[in-house]
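In what follows, a single structure is set out as structure tokens and then discussed.
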Amino acid sequence: MRKLASVVEIASCDPIPETERLSVATMTGKGWRVVTGRDEFAPGDRAVYFEIDSYLPPDDERFAFLRERCLRKFVSKSGGVLREGFRIKTAKLRGVVSQGLLMPGAAFPEANGLEVGADLTDLLKVEHYDEVKEQLQPAMGNPLNSDAMGAFPSYIPKSDEERLQGLTEYFTSLQGRRFEVTAKDDGSSTTMFFSPTIDSEEPFGVCSRNLRLKRPVEGGAVSAFWQVAVKYGIEAKLKKVYEESHLEIALQGELVGPGINADRDRYTEYEFHVFRIWDVCAQRFMTPRDRVAFCAKLAIPHVQVLHEDFPFFDQVTTMDAALKFAEGKTLRGNEREGIVLKASDGIDDTHFKIVSNRYLLKQQD
């Protein structure tokens, strides 16, 4: 699980040139930079760090100062407020990109006695903004609206990738390793699987990021998730794979199209782009090369592959260079969200993402 709130140690705190009140702070073992008050922190201080996409509780007075610029409300189809909270986003202040929120450790007695790196997400009632949004979609009338059948299957990993800023040790520990590099679509994570040995009554399933979704009833509304499952004939294709090879496969990919996020690529219909494949029985991911071949054979769209076998940390040696590497355009000419890297050398299934700062600064709610 992603640490949205954690105990950190300040590594550096440097004044921002041509300002009298602002500094930029870094944290030991992390690649994030956060703009803070000029004298708010010093190297060695303990602090609490809230990552971008954190959704902070509005009734905690310690966060009241965020109300004017960070309050985000979820509104129902009838106009009523469903939830509200403070969303932490990427910002640019005096020319410096700031990612996350740093607050003095003394403001959080709950963290007393905890080591640097301790996870405070649950303790401080911090949620992931996108997960809250997903839970409220039915009441908001979103095109992703679909009734939940139950929790996300425990035998399939969820698809959230950790950002490289939280994995700074990779710059040394993964030198010499090779990676597949794919473009990161700006959509909604979707999983489709066929597993008769685990669920003989309903072997085919369609899932959002966190939920398994009910099969639509005849004549009823069909969510975007199920629309793409039908569009690409996923159930019949995965059933045929099982009958021919006894492979029980889970496809994971991005659902893109009208009404999903800001739909910057202006799709005219929903599409599904695979980014990884899970072998349910073997409990492992298909290799990048096999995944691409599998999708080509079954005529299922795959995310854009930028590099098949790239020595990333041999050629990209700093965080700034990695963030620059993530920038680029989608196939439709718009700012892409970033890139995802997956080990292609067969040693293990190491994977992570790098989100483009240029994309984040252009992002709208």
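Bear in mind that the values in this text are calculations on the coordinates, not laboratory data. Nothing here was measured: the structure is a model prediction, and the numbers come from that model. As a convention, Cβ positions derive from the backbone with ideal geometry for all residues, glycine included, and neighbour counts pool all protein chains shown.
Cβ under 15 Å from residue 62's Cβ, residue 62 left aside: what net charge do those residues give with Lys, Arg +1 and Asp, Glu -1? Walk me through the numbers before you get to the answer.
Details: positive: 67, 125; negative: 40, 59, 60, 61, 110.
Net local charge, residue 62 excluded: -3.
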Worksheet, complete the sentence: Computed over all unlike Cα pairs, the Kirkwood hydrodynamic radius of the chain in Å stands at 22.1
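So, counting K/R as plus one and D/E as minus one, what does the shell of residues with Cβ under 10 Å around residue 25 add up to? Spell out each step's value before the answer.
On the way: positive: 33; negative: 14, 40, 45.
Its environment carries a net charge of -2.
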Worksheet, complete the sentence: To the nearest 0.05, the calculated FRET efficiency linking residue 18 and residue 262 through their beta-carbon distance, R0 being 35 Å, is 0.60
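As a test of the formula, what do you get for the chain when each DSSP H run with n ≥ 4 contributes -39,500 (n - 2.57) and the sum is divided by the residue count, at 222 nm and rounded to the nearest 500 deg cm²/dmol? If you can, show how the numbers build up before the last one.
Details: 9 runs with 69 residues, N = 365.
Calculated at 222 nm, the ellipticity per residue is -5000 deg cm²/dmol.
Sum up the charges of everything whose Cβ sits under 14 Å from the Cβ of residue 335, counting Lys and Arg as +1 and Asp and Glu as -1, but leave residue 335 out. Could you put the intermediate results ahead of the total?
On the way: positive: 184, 264, 266, 324, 329, 332, 336, 358, 362; negative: 185, 186, 263, 265, 327, 337.
Cβ neighbours under 14 Å give a net charge of +3.
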Worksheet entry | Mean Cβ neighbour count within 10 Å, used as a protection proxy, ranking 56-69, 248-261 highest first | 248-261, 56-69
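Based only on the alpha carbon positions, what is the Kirkwood hydrodynamic radius of region 5-140, in angstrom?
Values: mean 1/r = 0.0630 Å⁻¹.
Taking every pair of different Cα atoms in region 5-140, averaging 1/r and inverting gives 15.9 Å.
If contacts are Cα pairs under 8 angstrom and at least 6 residues apart, what is the relative contact order of the chain in percent? Provide the component values of the computation, followed by the final result.
Values: 737 pairs, mean separation 59.0, N = 365.
Rounded, it is 16 percent for the chain.
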Discussion item. Can you bin every Cα-Cα distance in region 148-362 into 10 Å intervals starting at zero and give me the percent of pairs per bin, rounded to whole numbers?
Written reply: 8, 33, 35, 19, 4, 0
Worksheet, complete the sentence: One checks the Cα atoms of region 139-207 and finds Rg and Dmax, in Å, of 17.4, 49
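Using per-residue counts of other Cβ atoms within 10 Å, averaged over each peptide, order 310-323, 181-194 from highest down. Display every interim value, and only then the final one.
Working: 310-323: 15.9, 181-194: 23.4.
Top of the packing list down: 181-194, 310-323.
Cα-based Rg of region 82-214 per 2.2 N^0.38 Å, rounded to two decimals?
On the way: Rg = 19.4 Å, N = 133, 2.2 N^0.38 = 14.1 Å.
In units of the globular-protein estimate, region 82-214 measures up at 1.38.
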Worksheet item: Going down the table (133/342; 73/214; 184/362), which pairs top 23 Å between alpha carbons?
Response: 133/342; 73/214
Discussion item. Which trypsin sites (Lys or Arg not before Pro) in region 94-155 sit in a loop by DSSP (not H, G, I, E or B) and have at most 14 other Cβ atoms within 10 Å of their own Cβ?
Written reply: 94, 125
